[in-house]
């Protein structure tokens, strides 16, 4: 068992009551100042609640809004199976990344602050560029998806207010470019924050909003189901020759799979949440 012994100015890790051998990764000097962590950085003050808020914000993002449509395209068999499959993949990936947070020793090993640091420590420098490229392509694609979704949502709110005040016959068309620019500028501002801990309040707010619109969606669906009329559903989703052509079925199925994959984009920021 490893133990941290504290003396006048700090302490060394002891193993079995004896100091750890020189070169042992568990031999770490611990600052006497309680405001610092074992890596010399300010002591982390995150809790299960703040970490959960970050996770919920990453998991229950705008991607969940397209899941009902995606399941409708795939049907009652392939739809839930695909959701479960991606959930298992995300869970397995998260477990692996959680184990990669520290190198060599799970408790006292060197902390990896980013995904690419973990890759470099465990797989070698040769894999850093390739894995980093994959991660940043994924992040850029996700950011583009959120930007488009945010602009469309803002335009939908504008149209709803316009129709409500001027009537449904009014011309309430609007370009989404302005909303994209505003959303992009806000993202640039928030990206200046040094780490996720400085924006825990934003994740908490986003988590509350995510639960709110998910609850609203479930409520509206239940109300529609109870009061009727409801649309026809099938085990295989949209039917070829009835709803769509063969080519449309293929493209809509691929789009549904892409939407579901986009909704499970949490694991790529897991290490940053742990930091």
Query raised in the report: Taking the condition surrounded by fewer than 12 Cβ atoms within 10 Å (Cβ to Cβ), modelled with pLDDT of 75 or more and in contact with a helix residue (DSSP H, G or I) (Cβ under 9 Å, 6 or more places away or on another chain), does residue 69 pass?
Result: no
Requested in this report: Being at pLDDT 80 or above, out of contact with any helix residue (DSSP H, G or I) (no Cβ under 8 Å at 6 or more places or on another chain) and buried (at least 18 other Cβ atoms within 10 Å of the Cβ) narrows it down to one of 102, 28, so name that one.
Outcome: 102
Query raised in the report: Looking at the stretch 195-214, is at least one residue in a loop (DSSP other than H, G, I, E, B), under 21 Å from the mean Cα position of the chain (by Cα) and at pLDDT below 80?
Result: yes
Report task. Could you tell me whether residue 234 is surrounded by 12 or more Cβ atoms within 10 Å (Cβ to Cβ), at pLDDT below 85, closer than 27 Å to residue 89 by Cα and touching a strand residue (DSSP E or B) at 6+ places or on another chain (Cβ under 7 Å)? Result -> no
Report summary line: Taking the stretch 240-274 and keeping only residues that are surrounded by 13 or more Cβ atoms within 10 Å (Cβ to Cβ), assigned to a loop (DSSP other than H, G, I, E, B) and free of Cβ contacts under 8 Å to residues at least 12 places away in the same chain, one is left with 243
Query raised in the report: In the set 119, 189, 128, 137, which member is exposed (fewer than 11 other Cβ atoms within 10 Å of the Cβ), without any contact (Cβ under 8 Å) to a residue 60 or more places away in the chain and closer than 19 Å to residue 268 by Cβ?
Result: 137
Query - Condition met for residue 229 (exposed (fewer than 10 other Cβ atoms within 10 Å of the Cβ), under 30 Å from residue 46 (Cα atoms) and either in contact (Cβ under 8 Å) with a residue 40 or more places away in the chain or out of contact with any strand residue (DSSP E or B) (no Cβ under 8 Å at 6 or more places or on another chain) (or both)) - result: no
Query raised in the report: With respect to the numbered conditions (1) touching a helix residue (DSSP H, G or I) at 6+ places or on another chain (Cβ under 6 Å); (2) closer than 27 Å to residue 263 by Cα, which one is the sole condition not fulfilled by residue 120?
Result: (2)
Query raised in the report: Based on what the data block shows, is residue 146 in contact (Cβ under 8 Å) with a residue 40 or more places away in the chain and within 18 Å of the chain's Cα centre (by Cα)?
Result: yes
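The values are calculated or read from the model by the stated rules, or taken from the named source; none is laboratory data. Computed from a predicted model, the values in this text were never measured in an experiment. A quick note on method: Cβ atoms are made from the backbone with ideal geometry, for glycine too, and the neighbour counts reach across all protein chains shown.
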